[in-house]
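See structure below.
The values are calculated or read from the model by the stated rules, or taken from the named source; none is laboratory data. What you see is a predicted model, and the numbers here were worked out from it, not measured in a lab. Quick reminder, even Gly has a Cβ in these numbers, built from the backbone with ideal geometry, and neighbours come from all protein chains shown. For the accessible areas, the whole protein counts, side chains as well, though only heavy atoms, and no ligand, DNA or RNA atoms are used. Shrake-Rupley method; radii C 1.70, N 1.55, O 1.52, S 1.80 Å.
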Amino acid sequence: MKASILLGNRPPGKIGDFGPLFEYAVKLTLLASFLELVLYRLASRLGMHLSKMAAEHSWITPTFTTLTAVGAWLLNIVAVLLFLSLVVIMTQRGMGSDAGWPAKSAMASTVLLLALTVAFLFVQPGMLGAVIYNGVALMTLAFLTVEYWASHPERIKRLLVTVYVLGIGGWLYYQIVSTAYSLAGTLDAPPLVYELHRAGEALMVLASMLVYAAYGRGLSLRVKNRRQRSRAMWFWAVSGAVFLLLIFFDYLLERYDPALASAARQASQGIGWIFQFGMGYTFYLPFALYLVGFLCWGYSVVKLLLMGRLAGYGIGLMFIAGYALMFSNLTLMVILGMMLLTTDRARQAVAGSQTATEAALLGSSDPLVAKEA
């Protein structure tokens with residue numbers, strides 16, 4: 001019999017470690033957020049894009065009207081689930097007496113953010129309220145980043161979170177400075193707004209690629225298993241071929257058929273418009289980079305979710321929120337995702353220390369258990 005069985009240990013970093021209320025709240029939040037992204041932020045924009053065809057196809061208007069209504073309903077459900085999940089996780093995190101100042105500061109600023117969200121339901125925030133809200137959100141992300149660095153020694157994971165927060169910071173800077181200049185009534189152009197906004201989008205794409213390096217590693221060519229190595233070789237060969245094809249797709253299509261290339265460009269502009277208004281991505285970078293980032297993020301999230309890791313739910317929520325945090329629930333989605341990502345490692349450290357302590361106690365009090373372990 002092993003000591004882990006006697007101790008009744010569960011694998012650390014699992015979503016079930018916080019109890020069924022938190023587990024199902026986070027799971028429902030992730031599911032509802034994904035459906036809200038598809039049905040409201042993307043499908044509604046697709047319906048607007050197809051409005052010119054509504055006269056010829058009668059099914060377009062009722063179909064997308066229904067999808068938009070369902071998405072708007074999910075928007076409210078997501079907001080409630082986000083509040084519930086944030087309250088539960090902050091309660092769990094606040095129980096520990098060894099929490100450092102970054103964790104306490106992050107929880108305090110998150111409480112302030114939740115209070116502002118509730119207050120703005122009854123009082124119009126205006127431009128001043130928008131500046132304060134985005135400023136508190138940026139401060140909360142900064143505290144969570146410091147806490148993540150303190151609990152995660154791996155450089156690639158630190159790089160992932162830093163790049164992501166800098167990317168979201170580009171959008172928040174754009175919102176804060178532009179709104180502040182409008183509030184002041186100045187006619188001068190805000191400094192570096194356009195440049196940091198574009199840089200923020202590029203950093204978000206880079207962060208989506210870094211997700212695979214930090215959490216999704218599983219297709220390595222260095223493995224000894226022949227089947228896994230063959231699978232990895234096929235995956236990277238096909239991925240590289242598709243990436244190169246997308247890079248030179250427009251050029252090759254132009255050489256083959258200029259009219260078809262023009263139609264493809266118009267279609268891609270329509271798709272870009274949908275994602276720009278739905279998630280904030282302008283697709284000014286080569287489309288292949290966005291696709292690579294999506295595949296890296298998708299593979300890593302699915303892998304982590306199948307393992308039941310908190311990081312999978314955190315990374316999923318962080319990127320489902322998109323780049324443009326146009327609603328308060330998207331901002332809270334990013335905050336919850338960062339908390340889940342930070343708590344994943346913190347939970348492992350706490351569980352590991354408890355396991356070592358309990359194993360030592362068992363070993364000293366019962367020689368039979370120590371010998372079997």
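The table for this structure:
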{"read-out": "Every pair of residues 6+ apart whose Cβ atoms lie under 6 Å, when the first sits in the stretch 295-308 and is open to solvent by 50 Å² or more (accessible area, probe 1.4 Å) while the second is assigned to a helix (DSSP H, G or I)", "value": "305/312"}
{"read-out": "Residues (in contact with a Pro (Cβ under 8 Å, 6 or more places away or on another chain), among the β-branched types (Val, Ile, Thr) and under 24 Å from residue 125 (Cα atoms)) located in the stretch 143-195", "value": "177"}
{"read-out": "The stretch 170-228, residues that are in a loop (DSSP other than H, G, I, E, B), in contact (Cβ under 8 Å) with a residue 40 or more places away in the chain and open to solvent by 40 Å² or more (accessible area, probe 1.4 Å)", "value": "218"}
{"read-out": "Conditions (1) touching a Pro at 6+ places or on another chain (Cβ under 9 Å); (2) modelled with pLDDT under 85; (3) on the phi > 0 side of the Ramachandran plot: number failed by residue 283", "value": "(1)"}
{"read-out": "Wholly enclosed helices (runs of 4 or more DSSP H) of the stretch 287-373 bearing at least 1 residues at pLDDT 90 or above and within 25 Å of residue 32 (Cα to Cα)", "value": "287-307, 310-320, 328-365"}
